[in-house]
Amino acid sequence: MSSVFHRIPKRNLPVAVKGEGMYIIDKDGKRYIDGYAGGACVSCLGHSEESVIEAVREQIGKFAFFHSAMFTSEPLEELASILTTDAPEGLTRVFFTNSGSEAVESAVMMARQYFVEIGQPQRKKVIGRRSSYHGANLTALSVGHQLSRRAPFEDILANVFHISPCYEYRGRQESETVEQYGLRVANELEQAILGLGPNTVMAFIAETVTGTTNGATPPVPGYFKRVKEICDKYGVLLILDEVFCGLGRTGTLHACEQDGVAPDFLTFAKGIAAGYQPIGATMVNEKIYQAIVSGSGTFKGGYTYSGHATACAAAIAVQKVLRGPGFLDHVKTTGNLLSARLNERFGQHPHVGDIRGRGMLMTVELVEDRSTKAPFAASQDLSSKIYQNAQARGLITHALTGTIDGYVGDHVVICPPLIVTSENIDTIVELLGEAIDAAV
Ligand code: PLP
């Protein structure tokens, strides 16, 4: 019997012993193609990128660890410089964390500290979106809205107001154009700010492209431009969470580039060191940095392992690959191919209601009835069946049950390592088709 406190103990977990490019191999020698990049886009370079492995070896041989409040290090400085060089406009500073949840928590804490430093301590409210996921610590759970994960903690979460997500398949009314829909849901932010009191709101947080709760859901064109206008009008800081969708996953370095907006905070994690080391980051603009530095002088957050040199060394190597010649073009091309293959295989499928996503981050949404969009009953536990069917066939994918305003539905997220080939895509789509057909 295992004495590990596994998060999902009822899941029959194979023992991973080796990674090889797109594949994970278990103790019995079974090979699994990684359709989920090692757990939500972490392993974006697959499992055998030699330049990253070598960078880790070399750095760990130099020193084990120095606290970033006592020393800086060359890898720490170099990584921050790489990330800020091609950051969205105005993002000039990077604060390092160990995970995405901590990156989100740090952004919320910095937003709060900023307003305290500039003499507006009454600004303490955060607005988030329903159906979002921002991580598992109490701050991230508070600003997010994954109901099943929040449930046991509701009474101790911070009081955060949530507006509608931008989820065209479920939210757009037939009488609306896509643009009208985007403006309507963006305008909910303005109504929320006015309702809460403009001078009391400090930040709005959203995933640029969602990845978890309702699968990969890109915003409709114009949505974030309107959000940004509203934030600017009321002095509310915009936090974009790109822990899932950032750093190449959508075909551009930052997902928000495609929406034409630059936030006040941008959070990352999975794509920074591609799972070779745990690391996250919060990028922030100069206004916020300077307010803290020229105010109390110290950011009151921070973690012992912030800016760990070995993690930074791994991340530098990963970031060089991402920025290498042709890499993002490869993501765009193979992303288009993945979308095309999913549409060929599932476009007419009686139980697939929507196929959506951006770049190498796609979702297939399952429905009992395509014409009414009625989901399968939660009691059918369809997502678990699809997950198990896929695993039995040697495909790692993420099937999840999402919740939005009382509606519960099943989605499969497909986000393989960015090094995926067209043959790999064919294999993933074929195995996924078998797994879904055997479940519905
Ligand atoms: N934000 C988003 C958008 C995520 O998808 C996740 C994790 O999936 C997180 C934050 C939390 O990241 P971590 O699990 O590294 O704490």
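The values are calculated or read from the model by the stated rules, or taken from the named source; none is laboratory data. Keep in mind that what you see is a predicted model, and the values were worked out from it rather than measured. Ideal geometry is used to build each Cβ from the backbone, glycine not excepted, and the neighbour counts take in all protein chains shown.
So the values come out like this:
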{"item": "Residues that are under 24 Å from the mean Cα position of the chain (by Cα) and either among the β-branched types (Val, Ile, Thr) or within 16 Å of the ligand (Cβ to nearest atom) (or both), drawn from the stretch 184-200", "result": "Val185"}
{"item": "Some residue of the stretch 336-356 being closer than 23 Å to Gln173 by Cβ, among the β-branched types (Val, Ile, Thr) and either in contact (Cβ under 8 Å) with a residue 40 or more places away in the chain or surrounded by 17 or more Cβ atoms within 10 Å (Cβ to Cβ) (or both)", "result": "yes"}
{"item": "Every residue from the stretch 256-310 that is within 16 Å of the ligand (Cβ to nearest atom), under 30 Å from Glu179 (Cβ atoms) and assigned to a strand (DSSP E or B)", "result": "Phe265, Leu266, Thr267, Phe268, Met283"}
{"item": "Condition check for Ile193: part of a strand (DSSP E or B), surrounded by 23 or more Cβ atoms within 10 Å (Cβ to Cβ) and among the β-branched types (Val, Ile, Thr)", "result": "no"}
{"item": "For Ser73: the one exception among (1) surrounded by fewer than 19 Cβ atoms within 10 Å (Cβ to Cβ); (2) out of contact with any strand residue (DSSP E or B) (no Cβ under 6 Å at 6 or more places or on another chain)", "result": "(1)"}
{"item": "Residue ranges of strands (runs of 3 or more DSSP E) in the stretch 1-112 with at least 3 members in contact with a Ser or Thr (Cβ under 8 Å, 6 or more places away or on another chain)", "result": "91-97"}
{"item": "Pairs with Cβ under 7 Å, 6+ apart, first in the stretch 197-223 and closer than 17 Å to Gly182 by Cα, second away from the ligand (no atom under 16 Å from the Cβ) and in a loop (DSSP other than H, G, I, E, B)", "result": "Phe204/Val236"}
{"item": "Tally, over the stretch 123-141, of residues that are away from the ligand (no atom under 12 Å from the Cβ), under 20 Å from Gly197 (Cα atoms) and outside any loop (DSSP other than H, G, I, E, B)", "result": "3"}
{"item": "Residues (over 19 Å from Leu141 (Cα atoms) and in contact with a Pro (Cβ under 8 Å, 6 or more places away or on another chain)) located in the stretch 213-227", "result": "Thr217"}
{"item": "Any chance Leu45 is more than 22 Å from the chain's Cα centre (by Cα), closer than 24 Å to Ala273 by Cβ and surrounded by 12 or more Cβ atoms within 10 Å (Cβ to Cβ)", "result": "no"}
{"item": "Residue satisfying all of: in the stretch 158-176; within 14 Å of Val108 (Cβ to Cβ) and at pLDDT below 95; nearest to the ligand (Cβ to nearest atom) among these", "result": "Ala158"}
{"item": "Matching option when the condition is in contact (Cβ under 8 Å) with a residue 24 or more places away in the chain, of a type in the set (Ser, Thr, Tyr), assigned to a helix (DSSP H, G or I) and more than 30 Å from Gly324 (Cα to Cα), among Ser383, Ser379", "result": "Ser383"}
{"item": "Conditions (1) assigned to a helix (DSSP H, G or I); (2) modelled with pLDDT of 95 or more; (3) over 16 Å from Leu240 (Cβ atoms); number of the one not met by Ser148", "result": "(2)"}
{"item": "Selected residue [more than 27 Å from Gly215 (Cβ to Cβ) and of a type in the set (Ser, Thr, Tyr)] from Ser43, Ser68", "result": "Ser68"}
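Yes/no per residue for (1) away from the ligand (no atom under 13 Å from the Cβ); (2) in the same structural domain as Ile414 (by TED's automatic domain parsing); (3) out of contact with any Asp or Glu (no Cβ under 7 Å at 6 or more places or on another chain):
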{"site": "Ile33", "(1), (2), (3)": "yes, yes, yes"}
{"site": "Ala37", "(1), (2), (3)": "no, yes, yes"}
{"site": "Gly61", "(1), (2), (3)": "yes, no, yes"}
{"site": "His67", "(1), (2), (3)": "yes, no, yes"}
{"site": "Leu76", "(1), (2), (3)": "yes, no, yes"}
{"site": "Ala80", "(1), (2), (3)": "yes, no, yes"}
{"site": "Glu89", "(1), (2), (3)": "yes, no, yes"}
{"site": "Gly100", "(1), (2), (3)": "no, no, yes"}
{"site": "Ala103", "(1), (2), (3)": "no, no, yes"}
